[in-house]
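Student: Structure incoming, see below.
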Amino acid sequence: MSAMLLGGRYQVQDKIGAGGMATVYRGLDEVLGRTVAIKTMLPQYANDPSFAARFKQEAQAAAALQSPYIVSVYDWGKDADTYYIVMEYLRGTDLKSGIRKHGALDCKKVAQIGSQIAQALSVAHRHDIIHRDIKPQNIMVQPDGNIKVMDFGIARAKNSHLTQDNSVLGTAHYVSPEQTQGKELGPTTDIYSLGIVMYEAATGQVPFQGDDAISVALKQVNEQPKPPSQLNPAVDPQLEAIILKCMQKNPADRFQTADELSRTLRDYLAGRMQAVNTATSVLPVQATNKLDRGATPVMGGTATMPRTERTGRFYAQSATAQAAEEEAERQRKHKRNVMLAVAGGVIAAILAIVAIVAVLGSGTAMKTVPNLANLTVEQAEEAITEAGFVPGEPEYTYNDSVEKGKVCEQDPAAYREMPEGSTINFKVSNGPTPIEQVEVPDLRNKTQEEAEEALKEANLAGNRGTDEESDEIEEGRVSSQDTEPGAKVDAGTVITYHISSGASQKVIPNVIGDSQSSAKKRLEDEGFVVSVNESYSSSPEGTVIDVNPGVGESAATGSTVTITVSKGVQYVDVTNVVGWTGSQASTALKNSGFVVNISGPKDGIVVSQSHSGSAPYGTTITLTTEAQQTQEPTEPSGDDIGNGAGVSQ
């Protein structure tokens, strides 16, 4: 398809990628002169009328998404039988390739990537767009470390099925249980897929693997993942809890919005551990089908791992030392479990006796405590009363996981047997914990170190974006920032700033031969300061005869460019050198600015010259010379002899 022109303006160049339903090319927008990415749909989809209608709707929706973490869609259309989408051209690599090359990422980087993807999803969800195909292959990591999410809307237009196709198998590793079962999808399906992306980034591998897409999809529905820390002990409990909450089988048990997940990840990055714990405190016990030898089961989404030594990025120890330590650990656990069992039995027996005595002694019946979770205050009080208990005064508390006005905690716990008439206390959610709002500092003209320190003091995180040219800010200092100074943002927000690479460089245009005014305007339009010199020349008066720096050279915007303007032809008086020797005449005329040509002996006498009066500076003057005459000795005359001349006496 190379050399093809789509829509009369998009030149298709080399192929840079291919997928299950489209091919991607690098291209050139001939109208704006910028490099773009052009995605063309495969013929089998383009020929489907229902697909064409969905394609149009989804391309328009994707083009409306504006976020620093979403690939921009510039244009779309149909040219003959080819449907195409024109997008922002990105430099970098996809997250899947990055994980394959470097392995597991550190926890902070995983959280930063997850937060940026969640912010992208938040924008899409507000436009009622569910991505449906969040996977690391669709996450582009740019040279500055920030990410861009690709293919918004396209996955929704695609009617994919679970087959043996490799591209679908790749997707199956990231689909939600409800997506596999063909149920109605909401924002939480993207959150589940994002959880798996973070899981893979933190461990270097996907949680569910199989020989084909069907087996992987069944595991998504039926199996619990191993906690990430069992695969990579460097994963800390707080991040692990966030990841596992995203991956809950029941959509209602996950983070309910991408905003909520993004806030929690920013809290984690900012070190507000209490906010993270609150957000993940309702995680149920995660059981796995198999536990690694020596590992303890997960409680509340985290796991305890055997002690290991740190070697390089990962933890390692010799097989012999590990086996010995595991055996010792099992022995300790066995002793502890025996003691706990004995203690538990004694306590249970005492509680049973107390309960029996209380019931027999008082004649009070035992009742089952109702489950008040997610009930309103009125519903909770009604349920408590109907169950034979007395409702306590409700307490109100912030809770990041339970809707405002609904019960988030109760005491005693649900389903316990309690004497009839007992008081049941409960707490009601006031909604998510308010996130501290902080003011973004002005980073402009600061060094990178100063900018990072200012952000740290403001309880914000910093990210150095791509460097940029600046005519106002010197090289090595912050020239701009993506979030305006003075803006109010959540504490822990990542603020991207850009460092100046110096003034922009422009090429000196060819103004030789232009008039002074024309040359001056052209140079000033390019951002240069113009200085003017004048000099006589054979060029017409007022035209530019020289430029410094030279034509085609580069110079910084704002620097001075000197132009030399012709004063026209200079006339000089021609000295009359007739009768002079050739050398004397040549020297005199050359000193006056002429070019001298001698016709005849150079040491002869000038008998004529080609110009007189005045002539243009630099004119060639021809001198005609003749040899100088010398007097020959004469013979003495008779008189001379008679007078005795030359004759000795």
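Student: Residue 67: farther than 24 Å from residue 41 by Cα, among the hydroxyl-bearing types (Ser, Thr, Tyr) and assigned to a helix (DSSP H, G or I), yes or no?
Tutor: Details: farther than 24 Å from residue 41 by Cα: yes; among the hydroxyl-bearing types (Ser, Thr, Tyr): yes; assigned to a helix (DSSP H, G or I): no.
No; evaluated as a whole, the condition is false for this residue.
Yes/no per residue for (1) of a type outside the set (Asp, Glu); (2) within 30 Å of residue 268 (Cα to Cα); (3) modelled with pLDDT of 90 or more:
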{"site": "374", "(1), (2), (3)": "yes, yes, yes"}
{"site": "377", "(1), (2), (3)": "yes, no, yes"}
{"site": "383", "(1), (2), (3)": "yes, no, yes"}
{"site": "387", "(1), (2), (3)": "yes, no, yes"}
{"site": "391", "(1), (2), (3)": "yes, no, yes"}
{"site": "398", "(1), (2), (3)": "yes, yes, no"}
{"site": "401", "(1), (2), (3)": "yes, yes, no"}
{"site": "405", "(1), (2), (3)": "yes, yes, yes"}
{"site": "414", "(1), (2), (3)": "yes, no, no"}
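Student: Between a first residue in region 437-459 that is free of Cβ contacts under 8 Å to residues at least 12 places away in the same chain and a second residue that is open to solvent by 20 Å² or more (accessible area, probe 1.4 Å) and not in a helix (DSSP H, G or I), which pairs have beta carbons less than 6 Å apart while being 6 or more apart in sequence or on different chains?
Tutor: Here the result reads 452/462, each pair linking region 437-459 to a residue that is open to solvent by 20 Å² or more (accessible area, probe 1.4 Å) and not in a helix (DSSP H, G or I).
Student: Going by what's in this entry, would residue 570 be described as open to solvent by 50 Å² or more (accessible area, probe 1.4 Å) and without any contact (Cβ under 8 Å) to a residue 40 or more places away in the chain?
Tutor: When the stated conditions are applied, residue 570 does not pass them.
Student: Would you call residue 431 of a type in the set (Gly, Ala, Ser) and in contact with a strand residue (DSSP E or B) (Cβ under 8 Å, 6 or more places away or on another chain)?
Tutor: Spelling it out, it is not the case that residue 431 is of a type in the set (Gly, Ala, Ser) and in contact with a strand residue (DSSP E or B) (Cβ under 8 Å, 6 or more places away or on another chain).
Student: Given the conditions (1) of a type in the set (A, V, I, L, M, F, W, C); (2) under 26 Å from residue 228 (Cα atoms); (3) at pLDDT below 95; (4) open to solvent by less than 10 Å² (accessible area, probe 1.4 Å), report the number of the one that residue 129 does not fulfil.
Tutor: It is condition (2) that residue 129 fails.
Student: If you don't mind, another one. May I ask you to say which residue of 475, 524, 541 is open to solvent by 30 Å² or more (accessible area, probe 1.4 Å) and under 30 Å from residue 452 (Cα atoms)?
Tutor: 475
Student: Just to be sure before I move on: is residue 464 open to solvent by 60 Å² or more (accessible area, probe 1.4 Å), touching a residue at least 40 places away in the same chain (Cβ under 8 Å) and closer than 19 Å to residue 68 by Cα in the structure I sent? First the steps, then the outcome.
Tutor: Numbers: open to solvent by 60 Å² or more (accessible area, probe 1.4 Å): yes; touching a residue at least 40 places away in the same chain (Cβ under 8 Å): yes; closer than 19 Å to residue 68 by Cα: yes.
It is true that residue 464 is open to solvent by 60 Å² or more (accessible area, probe 1.4 Å), touching a residue at least 40 places away in the same chain (Cβ under 8 Å) and closer than 19 Å to residue 68 by Cα.
Student: I would also like to ask the following. Restricting to region 382-407, and then to whatever is buried (at least 20 other Cβ atoms within 10 Å of the Cβ) and without any contact (Cβ under 8 Å) to a residue 60 or more places away in the chain, can you tell me which residue is nearest to residue 246 (Cα to Cα)? Let's see the steps before the verdict.
Tutor: First, pick out the residues of region 382-407 that are buried (at least 20 other Cβ atoms within 10 Å of the Cβ): 384, 389, 399-402, 407.
Among the residues that remain, those that are also without any contact (Cβ under 8 Å) to a residue 60 or more places away in the chain are: 384, 389, 407.
On the way: 384: 32, 389: 36, 407: 22 Å.
Only one residue fits best here, namely 407.
Student: Mind checking whether some residue in region 216-228 is in contact (Cβ under 8 Å) with a residue 60 or more places away in the chain, basic (Lys, Arg), in a loop (DSSP other than H, G, I, E, B) and open to solvent by 10 Å² or more (accessible area, probe 1.4 Å)? Walk me through it before giving the result.
Tutor: At the first step, the residues of region 216-228 found to be in contact (Cβ under 8 Å) with a residue 60 or more places away in the chain are 223-227.
The next check asks that each one be basic (Lys, Arg); those that pass are 226.
So of that shortlist, the ones also in a loop (DSSP other than H, G, I, E, B) come out as 226.
The next check asks that each one be open to solvent by 10 Å² or more (accessible area, probe 1.4 Å); those that pass are 226.
Looking through region 216-228, at least one residue is in contact (Cβ under 8 Å) with a residue 60 or more places away in the chain, basic (Lys, Arg), in a loop (DSSP other than H, G, I, E, B) and open to solvent by 10 Å² or more (accessible area, probe 1.4 Å).
Student: Going through region 443-472 one residue at a time, which ones are more than 25 Å from residue 113 (Cα to Cα), assigned to a loop (DSSP other than H, G, I, E, B) and modelled with pLDDT of 90 or more?
Tutor: 444, 445, 446
Student: Please state which one of 513, 492, 502, 486 is closer than 19 Å to residue 550 by Cβ and in a loop (DSSP other than H, G, I, E, B). Give the steps one after another, and end with the answer.
Tutor: On the way: 492 fails: closer than 19 Å to residue 550 by Cβ; 502 fails: closer than 19 Å to residue 550 by Cβ; 486 fails: closer than 19 Å to residue 550 by Cβ.
The unique qualifying residue is 513.
Student: Just to be sure before I move on: is residue 373 of a type in the set (A, V, I, L, M, F, W, C), open to solvent by 50 Å² or more (accessible area, probe 1.4 Å) and within 45 Å of the chain's Cα centre (by Cα) in the structure I sent?
Tutor: Details: of a type in the set (A, V, I, L, M, F, W, C): yes; open to solvent by 50 Å² or more (accessible area, probe 1.4 Å): yes; within 45 Å of the chain's Cα centre (by Cα): yes.
Considered against the rule, which asks whether it is of a type in the set (A, V, I, L, M, F, W, C), open to solvent by 50 Å² or more (accessible area, probe 1.4 Å) and within 45 Å of the chain's Cα centre (by Cα), residue 373 comes out as yes.
Student: Pick from region 494-514 the residues that are open to solvent by 50 Å² or more (accessible area, probe 1.4 Å) and among the β-branched types (Val, Ile, Thr): which of them is nearest to the chain's Cα centre (by Cα)?
Tutor: 507
The values are calculated or read from the model by the stated rules, or taken from the named source; none is laboratory data. Bear in mind the structure is a predicted one, so any value in this text is a computation, not a measurement. With ideal geometry, Cβ positions are generated from the backbone for all residues, glycine too; neighbour counts draw on all protein chains shown. The accessibility values were calculated without ligands, DNA or RNA, using every heavy atom of the protein model including side chains. Shrake-Rupley method; radii C 1.70, N 1.55, O 1.52, S 1.80 Å.
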